[in-house]
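Each value in this text was obtained by applying a stated rule to the coordinates, not by laboratory testing. Predicted model, so just to flag it, every value in this text is computed and none were measured. Here the Cβ is made from the backbone with ideal geometry for all residues, glycine too, and neighbour counts use every protein chain on show.
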Amino acid sequence: MNNAIFSKLTKLHILTPRGICRLLGAFFRDGVSLMALTRFSAKYYPGRCALVSEGKRLTYKEIYSHSHRLAQLLYRDYALKSGMCVALLCHNHIAMALLLPALSRLGVSVKLLNTDIVPDKLREHVERQKISLIICDHELKVQRVPNDLPCEMLESEDLYQTISDNTQDIHVKLPRITRGGEISVFTGGSSGRSKEAPRKMSISQFLPPFYALLEQLRLDEYHSVFLSLPVYHGFGLATLIMSLAMGKKVCLQRHFDAEKALKIIADERVEVVPVVPAVLARLWQIDNAPTAMQTVKCIISGGDRLDKKWADITHMHLGDVLYNLFGTTEAGFFMIASPDDLLRNEEVPIGKPISGVKCKVENIDSHGVGSLWVCSGWAMIGMKNKWQNTGDLVYCDDDGCYFYRGRSDNMVVCGGENVYPETVEKVINEHPEVIASMVYSTPHLQFGTVLHAKIELAPDSTLTSHTLKTWLHPRLTRAEMPHEITFHTIHTLDSGKVARSL
């Protein structure tokens, strides 16, 4: 650990003698859990605003008292205890943020479900994961939850109303635990085959990526975070936990809306904005975006491919504030591209490995592109410090910077040539009038398989399929050229990623 990191951790009270004693005391009372982290933050930032959502504000002291009260309610009335499994199907709001430490304090394993999940997939999860309770938002209960699930169900709104009613006595002694339950996020989309990525409550897993964010992004220097990324997404979950550990004000948005997001950023003087690239693109479509984001000091892009166009626009309006993070649900985040990396390269790199991570490229082809393998100490349970194939195709330059080339399982053969839809999307998105694109394969009698493209244009665009194909002609091979181009609004999931199902 270098002197700069030591100084930052001391400033955050983590390495002071009193801070160490308080942290150990929190672990003794609440186990190694998110509740212990909440207790620690409440000691140092009791009156500081911690959460802002839908007109409500909670201080750090209130977060701890509310989440502890919620744990007591769930223990007393629903007999939740260590070893049980609870699924959360919730958008970003205060009740969701309180449920995480409350359930962790009970030693319960938490499954964070994609809010775009289809009912049949939800039933599969319940049966396969042996879930005993689902806590969900009322609107998601109506949209996503089948009536015949073999488990109990609670609404997040009802739980929050109960713990907010100070006239109700919920006092009960909680059982002692040594460690909070696992928290799992799932790979895959709303209807595709998903894979669970569970993680234990562990300081050793938390600190290495925490060091990297402190050292390279200087997150300790800022005071407020805007979080529209869903907490069920690994990027969103990590952002929430790390922000609360550092005493930040976290502004939550239940559903992403670009105009409302910019109003929150401006009104709350937000400094840090984690986004997926599709969200960043939509923010820059709003006329007053440069003015609304004048307080922003750090934008963290992750979860999908970042196009050069949006990196350049961000730099033009806000300066050197944009970082690109790369990782997987299974391995966690393990690469960072700095603003300088984004500026000095003609395409956006996914970054360089952070300290404590090993990366290698296997099965390299004649163009220097191969499969990315990673080994990290904070990977999902069962993969810690083991090499795993991410399924991503990358190129590594002489400076150790990695560049994304697509998914190995997305490769299609068009007219006898290997083609990657992500490569075609990247080229299409470079057009100044394109906001987003989705390229997919479809059967063809003559060529076997060809590509089609759905494209979302800027509001004032007059671009036609013919003029776009003329622009693409010198930039794509014959096999890569979409046979059909249609213009639509590109639907995004709650995560902000493009919905790939047609």
*Space enclosed by the convex hull of the alpha-carbon atoms of region 448-488, per residue, Å³*: 67
*Along each of the three principal axes of the Cα atoms of region 3-199, give the extent in whole Å, ordering the values from largest to smallest.*
53, 44, 34
_Can you tell me what share of the DSSP beta bridges in the chain is antiparallel? A percent to the nearest 5 is fine._
60
*Round to the nearest 0.05 the FRET efficiency obtained for N418 and T470 when R0 = 25 Å and r is the Cβ-Cβ distance.*
0.50
_Point-to-point label distance, E346-E221, nm (Cα→Cβ direction, 7 Å offset)_ = 3.3
*If each of D169 and S82 carries a label point 7 Å out from its Cα toward its Cβ, how far apart are those two points in nm?*
2.9
*Just list whichever of K121/K384; K81/K297; K43/K81; K360/K426; K141/K384; K200/K352 have alpha carbons separated by over 31 Å in the model shown.*
K81/K297; K141/K384
*Report the trypsin sites (Lys or Arg not before Pro) located in region 444-476 that are in a DSSP loop and have at most 16 other Cβ atoms inside 10 Å of their Cβ, or state none.*
R475
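Quick one: work out the % antiparallel among DSSP beta bridges in region 411-487, nearest 5.
Percent antiparallel among DSSP bridges in region 411-487 is about 75.
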*Evaluate the distance, in nm, between pseudo-label points positioned 7 Å from the Cα of H483 and of N147 along their respective Cα→Cβ axes.*
4.5
*Given only helices, namely DSSP H runs of n ≥ 4 each adding -39500 (n - 2.57), what is the per-residue ellipticity at 222 nm of the chain, to the nearest 500 deg cm²/dmol?*
-10500 deg cm²/dmol
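Is region 317-460 best put as rounded, prolate or oblate by its Cα gyration tensor, with a ≥ b ≥ c the root eigenvalues, rounded for a/c under 1.5, and otherwise prolate when a/b is larger than b/c, oblate when not?
Oblate.
Between F28 and H317, what length comes free when the chain is fully extended (0.36 nm per residue of separation minus the Cα-Cα distance, one decimal in nm)? Please report the intermediate quantities before stating the final value.
Values: separation 289, 0.36 × 289 = 104.04 nm, distance 4.81 nm.
Gain on extension, F28 to H317, equals 99.2 nm.
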*Filter the GluC sites (Glu not before Pro) in region 109-146 to those in DSSP coil with at most 15 other Cβ atoms within 10 Å of their Cβ, and list the result.*
none
*Which ³J(HN,Hα) values, rounded to whole Hz and listed in residue order, are derived for region 326-340 from phi using the Karplus coefficients 6.51, -1.76 and 1.60 in 6.51 cos²θ - 1.76 cosθ + 1.60 with θ = phi - 60°, glycine and proline given as x?*
9, x, 10, 4, 6, 9, x, 7, 8, 9, 9, 10, 7, x, 5
*asked:* When a/c reaches 1.5 or more, the comparison of a/b and b/c decides; with that in mind, is region 209-354 rounded, prolate or oblate per its Cα gyration tensor?
replied: rounded
*Counting other Cβ atoms within 10 Å, which chymotrypsin sites (Phe, Trp or Tyr not before Pro) in region 337-404 have at most 16 and lie in a DSSP loop?*
W387
*asked:* Going 7 Å from the Cα of I286 along its beta-carbon direction, which residues of region 17-54 have the amide nitrogen within less than 18 Å of the resulting point?
replied: 52-54
*asked:* Taking 22 Å as R0, compute the FRET efficiency from the Cβ-Cβ separation of D397 and A4 and round it to 0.05.
replied: 0.20
*Expressed as a fraction of 2.2 N^0.38 Å, the rule-of-thumb size for a compact globular protein of N residues, what is the C-alpha radius of gyration of the chain?*
0.99
